[in-house]
Amino acid sequence: MFPGRLRPSYKILTTFRSMASGEGGIPPCSLCGAGESVGLAAIDDERRYFECSRCRLVYLDPSQHLTVRAERERYELHENDSADAEYVRFLRRLADPVIERLPLGARGLDFGCGPAPVLAEQLTSAGFPCVAYDPFFAPDVTLLATRYDYVTASEVVEHARSPATMFATLRDLLVPGGLLGVMTRFRPSDGSFGDWWYRRDPTHVCFYSPATMRWIGQRHAWRADFPAPDITIFTTSL
């Protein structure tokens with residue numbers, strides 16, 4: 001959740017166009033499927049990133065994703081729980097704007113809760129009953145067969161190997177007019193992506209900006225609001 005702030009050197013390469021066959025080109029965008037991106041090369045750790053020209057997502061070369069086992073092992077190193085006051089305050093950054101927009105008693109799901117359902121507990125104690133789902137640590141798939149007044153995803157979407165699939169799943173979990181609260185660090189806009197500590201977490205494979213979130217909102221006919229840095233509140237259509 002809070003990886004070390006290492007600072008690699010970085011350079012922008014050139015613009016590549018994916019070839020129709022995929023051979024010799026770059027992987028299509030994992031969010032919108034576009035086949036033209038700006039290739040980025042982190043020269044110290046040899047990770048390859050691409051920025052989509054359509055939705056502005058930055059994504060890691062899929063061939064460099066961790067195995068599922070290695071990904072889980074990384075998550076098991078997290079020590080975030082309700083006894084960690086800093087972590088609780090961190091989650092309030094998402095909980096508070098979600099609560100402000102909901103009627104008391106609204107029922108929700110925290111998607112990707114991790115080893116401890118701290119956010120779900122916060123929301124429930126505030127009067128907004130919330131259950132928690134995580135594919136590794138709370139894999140009760142029956143929870144995904146219900147629709148909710150709201151869904152939260154805190155520090156989740158940056159792990160998505162297929163963000164298109166993840167956001168479609170989140171869409172299908174919401175009632176008409178429902179609310180989706182997302183927290184993920186927005187990538188820097190000043191060219192310092194390679195020096196950014198957040199990209200150093202090997203489980204982080206895609207990176208968003210407000211422009212990307214607005215594209216997602218347009219794709220699903222959602223209104224996108226940005227009440228605080230790194231927070232997006234989507235409201236679905238009725």
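Taking the conditions (1) in contact with an Asp or Glu (Cβ under 9 Å, 6 or more places away or on another chain); (2) assigned to a loop (DSSP other than H, G, I, E, B) in turn, Thr232 satisfies each one other than (2). Taken together, Ala120, Ala116 contain a single residue that is assigned to a helix (DSSP H, G or I) and either at pLDDT below 95 or not charged (D, E, K, R) (or both), which is Ala120.
For segment 178-192, how many residues are of a type outside the set (S, T, N, Q) and more than 18 Å from Glu155 (Cα to Cα)?
Of the residues in that region, 3 qualify.
Taking the criterion of being surrounded by fewer than 23 Cβ atoms within 10 Å (Cβ to Cβ) and over 28 Å from Ala70 (Cβ atoms), the residues of segment 180-221 that qualify are Ser189, Asp190, Gly191, Pro210, Ala211, Arg214, Trp215, Gly217, Gln218, Arg219, His220, Ala221.
To keep it simple, each residue is scored yes or no on (1) under 15 Å from Phe234 (Cα atoms); (2) exposed (fewer than 15 other Cβ atoms within 10 Å of the Cβ); (3) of a type in the set (Phe, Trp, Tyr).
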position	(1), (2), (3)
Asn80	no, no, no
Ala85	no, yes, no
Val98	yes, no, no
Leu104	no, yes, no
Gly108	yes, no, no
Pro117	no, no, no
Thr124	no, no, no
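All of Ala132, Ala34, Ala106 fail the test of being under 18 Å from Glu155 (Cβ atoms) and either part of a loop (DSSP other than H, G, I, E, B) or at pLDDT 95 or above (or both), apart from Ala132. Just one of the numbered conditions (1) under 17 Å from Ala132 (Cα atoms); (2) of a type in the set (A, V, I, L, M, F, W, C); (3) out of contact with any strand residue (DSSP E or B) (no Cβ under 8 Å at 6 or more places or on another chain) is not true of Leu109: (3).
The values are calculated or read from the model by the stated rules, or taken from the named source; none is laboratory data. This one's a predicted model, so the numbers in the text were calculated from it and none came from an experiment. Ideal geometry is used to build each Cβ from the backbone, glycine not excepted, and the neighbour counts take in all protein chains shown.
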